Amino acid sequence: MQSCNSKIMTGTQIAYYLICQRKLWLFLRNIEMEHDSDTVSIGKLISDTTYKRESHEIHITDDEDDIALDFYDSKTKTIHEVKKSDKMEETHVWQVKFYIYVLEKMGIDNVRGEINYPKLKQKAEVTLTESDRKKLKEIREEVKKIAELNVPPEVINKPFCKQCAYYELCYV
Ligand code: SF4
């Protein structure tokens, strides 16, 4: 079995933890079935064109976390995240809360986040509260526990499973 990569926390791990713990387990074992689908390409296109001029992806990594910010405005201390989705989702908010958390850890206080949805022409404001910090710490511990499981968590039988890259692996 391939080794787990749960020591370094990423925004993707947080999203998968919240969506489906089985998906997270498969992902942590490097069983990656997400591919360059049309959806991914459209998302990349929106990301590349809409925010091209002001966007510089910033990669921050340490021995605990690894994040990539679409754009960080140091004057207003704002993280800008672009989502191709046509739906505003809680997982997006938690990813940005995690990014704020990592910047705080680096000593940058009063950071806020803004998620831009070009397809919806909407944006969501994100802040980090004390209970969010606590929850992120709990998620980190939970991710470690899931990574150590010898067998994956059960399938969750949700309607969105049909759109998941692991669908065939889980159900067929
Ligand atoms: S298909 Fe469903 S159960 Fe399987 S990993 Fe994806 S979301 Fe989880």
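The values are calculated or read from the model by the stated rules, or taken from the named source; none is laboratory data. None of these values were measured; they are calculated from a predicted model. Note: ideal-geometry Cβ built from the backbone for every residue, glycine included; neighbour counts use all protein chains shown.
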- Task: Considering only the stretch 141-161, state which residues are more than 8 Å from the ligand (Cβ to nearest atom), in contact with a helix residue (DSSP H, G or I) (Cβ under 9 Å, 6 or more places away or on another chain) and in a helix (DSSP H, G or I).
- Result: Glu142, Val143, Ile146, Ala147
- Flagged in the stretch 14-30 as more than 20 Å from Asn157 (Cα to Cα) and within 14 Å of the ligand (Cβ to nearest atom), in numbering order, are Leu28, Arg29
- Please specify each residue of the stretch 94-117 satisfying the condition of being outside any helix (DSSP H, G or I) and either basic (Lys, Arg) or surrounded by 17 or more Cβ atoms within 10 Å (Cβ to Cβ) (or both). Val111, Arg112, Gly113, Glu114, Ile115, Asn116, Tyr117
- Message: Out of Thr61, Thr91, Thr78, I need the residue that is more than 16 Å from the ligand (Cβ to nearest atom) and either at pLDDT 95 or above or in contact with a Phe, Trp or Tyr (Cβ under 9 Å, 6 or more places away or on another chain) (or both). Which one?
- Response: Thr78
- Message: Can you tell me which of (1) surrounded by 13 or more Cβ atoms within 10 Å (Cβ to Cβ); (2) near the ligand (Cβ under 8 Å from one of its atoms); (3) under 20 Å from the mean Cα position of the chain (by Cα) is the one Leu169 doesn't meet?
- Response: (3)
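Would you confirm, using the coordinates I've provided, whether Lys83 is of a type in the set (Lys, Arg), under 19 Å from Thr61 (Cα atoms) and buried (at least 16 other Cβ atoms within 10 Å of the Cβ)?
Answer is no for this residue.
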- Note on the structure: Residues of the stretch 116-172 being without any contact (Cβ under 8 Å) to a residue 12 or more places away in the chain and of a type in the set (Gly, Ala, Ser), in sequence order, are Ser131
- Do you know which residues across the stretch 113-159 are within 18 Å of the chain's Cα centre (by Cα) and among the polar types (S, T, N, Q)? Asn116, Thr127
